[in-house]
Amino acid sequence: MPHLPEHLIAGYRNFINGRYVAEADHYRSLAREGQAPETMIVACCDSRAAPEVIFNAGPGELFVLRNVANLVPPYAPDGEYHSTSAALEFAVQSLKVKNIVVMGHGRCGGIRAALDTTSAPLSPGDFIGKWMSLIAPAAEAVSASTMMTTGERQTALERISIRYSIANLRTFPCVKILEGKGKLTLHGAWFDISTGELWAMNNETGDFERPEIG
């Protein structure tokens, strides 16, 4: 039995003989000097919405955190295990990123699970259900709307959840302090897998708008 799936070996073969050769000096520089990305992306685990691909980023450009439905929990220094909070702490306090972007996407399975209260948990632990309860109030409000179709409710909650996560980011003292000093900026974005469209959140109104890309 191979140590890794064959398609991964084939992909690595293409990488090491192609992109790595072209960027070998850059990789060696990153290894020697360390990373210094200016932007952190909080994105979904969904394999169809990879930030490095969407933003055409090279190695060392983005500090990417991915979890189910790109959620940020509120600040809770309670001694439990907090992988998202740990990554945020490292990005802000150690890497000193200048931007944090919460990027959601269309057809998100986590958001769909939050809206579907009839489905049984995937396991006795119901880890997804517990995680998605972070946006339960918004999910309940959106689900109650009879004026929207199923697809419209899904898109609405995908975008509302981004605003929730940005609000939760501001519960972290380090984020709130640095944002107040103008040293850190928070952003929201939503990517449509079907069309490739990227929508950016207007920080003043909260509306999602298409950025000018020329």
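The values are calculated or read from the model by the stated rules, or taken from the named source; none is laboratory data. On a predicted model such as this, the values are computed, not experimentally measured, just so you know. A quick note on method: Cβ atoms are made from the backbone with ideal geometry, for glycine too, and the neighbour counts reach across all protein chains shown. Ligands, DNA and RNA are excluded from the accessible area calculation, which covers all protein heavy atoms including side chains. Shrake-Rupley method; radii C 1.70, N 1.55, O 1.52, S 1.80 Å.
Quick notes
- Percent of Cα pairs exceeding the 16 Å cut-off, where the set is the stretch 79-164: 61
- Per-residue accessible area (protein heavy atoms, 1.4 Å probe) orders Ser165, Ser123, Ser47 as Ser47, Ser123, Ser165, starting from the largest.
- The listed residues Lys98, Lys130, once ranked by accessible area (1.4 Å probe) with the largest placed first, stand as Lys130, Lys98.
- Cα long-axis angle, helix 150-169 against the chain (0 to 90 degrees, to the nearest 10): 70
- Once the convex hull of all Cα atoms in the stretch 53-105 is built, its volume per residue stands at 102 Å³.
- Ellipticity at 222 nm from helices only: DSSP H runs of n ≥ 4 in the chain, each -39500 (n - 2.57), divided by the residue count, give -11000 deg cm²/dmol.
- Shown for the chain: the carbon plus sulfur share of the solvent-accessible area, taken with all protein chains present and a 1.4 angstrom probe, equals 56%.
- Figure note: Leu71, Leu178 ranked by solvent-accessible area, largest first, 1.4 Å probe, ligands and nucleic acids not counted: Leu178, Leu71.
- Rotationally averaged projected area of the chain (alpha carbon convex hull; nm²): 16.1
- Solvent exposure of the chain as accessible area per residue, Å², 1.4 Å probe: 61
- Exposure check, 1.4 Å probe, all protein chains in place: Met148 carries approximately 60 Å² of accessible surface.
- Probe 1.4 Å - accessible area at Phe191, Å² to nearest ten: 30
- Using a probe of 1.4 Å on the protein chains alone, the accessible area found for Val101 is around 20 Å².
- Cα-centre dipole for the chain with unit charges at Cβ (Lys and Arg positive, Asp and Glu negative), debye to 20: 280
- With loop membership from DSSP and a limit of 10 other Cβ atoms within 10 Å, the longest segment of the chain without GluC sites (Glu not before Pro) is 81-203.
- Contact order, relative form, for the chain: 20 percent (alpha carbon pairs under 8 Å, 6 or more residues apart, mean separation divided by residue count).
- For the stretch 1-72, the equivalent ellipsoid derived from the alpha-carbon gyration tensor has semi-axes of 23, 20, 11 Å in decreasing order.
- Assigned charges on the beta-carbon of Lys, Arg, Asp, Glu; the stretch 23-120 dipole about Cα centre (debye): 180
- On the principal axes of its alpha-carbon atoms, the stretch 134-214 has extents of 42, 38, 20 Å, going from largest to smallest.
- Spatial separation of Cα centroids for the stretch 166-212 and the stretch 93-143, in angstrom: 17
- Nearest 10 degrees, 0 to 90: helix 6-17 Cα axis against the chain principal axis: 50
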